[in-house]
């Protein structure tokens, strides 16, 4: 694809998870689009009958009816629907004979593992969609790349311009993906992304994901952005990346919902730790990015978090409407520096979400700890009652008022 460095960027998107090993049967896709070779991590996921690798559009002519993208819609910020994107089928592309191959990445331990899959000989051309009439990328193009693929810890949606080095998605538009998968609809735990106002809903076998793309600084290949750094970004472009995590994420609840915890941040490169810490009663997330943008300006970190009201009730034992007023985000850096982020939050009763926004921190790789605990009530001290006595010395009389009044030296109590 023209100018695209998608392999370089996607190489950073792996989420390092510790997965419980439990051998499962191989997935069996119900349609004729062959999957890539079984990855080493597949049997550790606990998933069955879900497609690993690329998810194509749901097209009857291809007989692809599950584990696929049903639609992508575009909305203005005020909620007005602009239209639906159209998939652009490439000449010669036949899913029944297409071959998928894995793009590899090194784990923190140096092991080569399968990160994401692509279609051999077609690459990004297998994911071209056309924007609705009147909507274009910043370079005037009406075409974008919209890929969906199952990775070793999440299902990822990735929407970009075709030339990621020079162009961005249009500003001020929400993009809404609807995916179809009965199996994965039941597997989603938490959601993380690089979009503003991230949203997700699950109805039957339909998964709807929505967000407002935001400028996202991109590092150079192999830059150690997950460590303390003073690196500069290669570029800053507006794109959309959403990872629907299917491992537990430290939630440890029996009724986990996909919309329990939804995160958006411009430090989405290093999300290797994203969980609820029961000891500290905090939602913990490790984020990361380069410290400066491509012009040398310090990048200001932001995080938007949605927490389901029932989780506030369970985790903090507090009504979510009250919890929103006690939101706190502590920021810790690798060098031991700590600070408290600027926070705004409110409770959305209609959707039963606490909406939190945190600002005022920088990168490289801070740890953010979110809590909604109400501070303990201050101990009330009852003022002791004062009394008065009359003291005399010869013809001199003096009145003394105090908690425990005593006569001055030489005086006697009358």
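The values are calculated or read from the model by the stated rules, or taken from the named source; none is laboratory data. All values reported here derive from a predicted model rather than from experimental measurement. FYI the Cβ positions are ideal-geometry reconstructions off the backbone, even for glycines, and counts take in every protein chain you see.
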| query | Taking the condition crowded, with 17+ Cβ neighbours inside 10 Å, assigned by TED's automatic domain parsing to the domain that holds residue 36 and free of Cβ contacts under 8 Å to residues at least 40 places away in the same chain, does residue 137 pass? | reply | yes
| query | Only one of 325, 410, 317 is loosely packed, with under 14 Cβ neighbours inside 10 Å, over 30 Å from residue 230 (Cα atoms), assigned by TED's automatic domain parsing to the domain that holds residue 263 and in contact with a strand residue (DSSP E or B) (Cβ under 8 Å, 6 or more places away or on another chain); which? | reply | 325
| said: Looking only at segment 55-79, how many residues end up being out of contact with any strand residue (DSSP E or B) (no Cβ under 8 Å at 6 or more places or on another chain) and not in a loop (DSSP other than H, G, I, E, B)? | reply: 3
| remark: When (1) assigned to a loop (DSSP other than H, G, I, E, B); (2) more than 19 Å from residue 191 (Cβ to Cβ) are applied to residue 397, the one that fails is (1)
| message | Please go through (1) at pLDDT below 95; (2) closer than 28 Å to residue 47 by Cα for residue 125 and return the number of the only condition it doesn't satisfy. | response | (2)
| query | When you go through (1) buried (at least 16 other Cβ atoms within 10 Å of the Cβ); (2) modelled with pLDDT of 90 or more; (3) outside any loop (DSSP other than H, G, I, E, B) one by one for residue 339, which number turns out not to apply? | reply | (1)
| request: Specify the residue that is nearest to residue 241 (Cα to Cα); the eligible residues are those in segment 261-294 that are out of contact with any strand residue (DSSP E or B) (no Cβ under 8 Å at 6 or more places or on another chain) and surrounded by fewer than 20 Cβ atoms within 10 Å (Cβ to Cβ). | output: 278
| message | If I ask for residues that are exposed (fewer than 13 other Cβ atoms within 10 Å of the Cβ), in contact with a strand residue (DSSP E or B) (Cβ under 9 Å, 6 or more places away or on another chain) and in contact (Cβ under 8 Å) with a residue 60 or more places away in the chain, which ones from segment 80-106 would you list? | response | 99
| message | When you check residue 219 against the structure, is it more than 19 Å from residue 85 (Cβ to Cβ) and either assigned by TED's automatic domain parsing to the domain that holds residue 60 or in contact with a helix residue (DSSP H, G or I) (Cβ under 7 Å, 6 or more places away or on another chain) (or both), yes or no? | response | yes
